[in-house]
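Below: the structure, in structure tokens.
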Amino acid sequence: MSIIVKLDDMLYERRMTLTELSERIGITLANLSVLKTGKARAVRFSTLDAICVALQCQPGDLLEFAPASLADVDKAAAAPGHETEPLCKP
């Protein structure tokens, strides 16, 4: 996947454990662990919001887009259902 989760880095910078974050935001340790390891397939905005409040950070501090290669970008663009027209038409 092209999304890198940097939750571990933010926890280290804030000197906070995953357990402490879990207690502060009311998300199970297991669910946060899945997110931290990058195994999550999705994240709710409410969860992202709670993490950002607790860590006093922005979503971009937690998530990074890094395509593996230009070929991956081309494949994603060619995938069925991918919007090829601009969102706003002149």
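The values are calculated or read from the model by the stated rules, or taken from the named source; none is laboratory data. Predicted, not measured: the structure shown is a model, and the values here were computed from it. We work out accessible area using only protein heavy atoms, side chains counted, and drop any ligands, DNA or RNA first. Shrake-Rupley method; radii C 1.70, N 1.55, O 1.52, S 1.80 Å.
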In region 1-26, how many residues are open to solvent by less than 40 Å² (accessible area, probe 1.4 Å) and outside any helix (DSSP H, G or I)?
3
Quick one: in region 29-71, of everything that is open to solvent by less than 80 Å² (accessible area, probe 1.4 Å) and part of a loop (DSSP other than H, G, I, E, B), which residue is nearest to Leu11 (Cα to Cα)?
Cys57
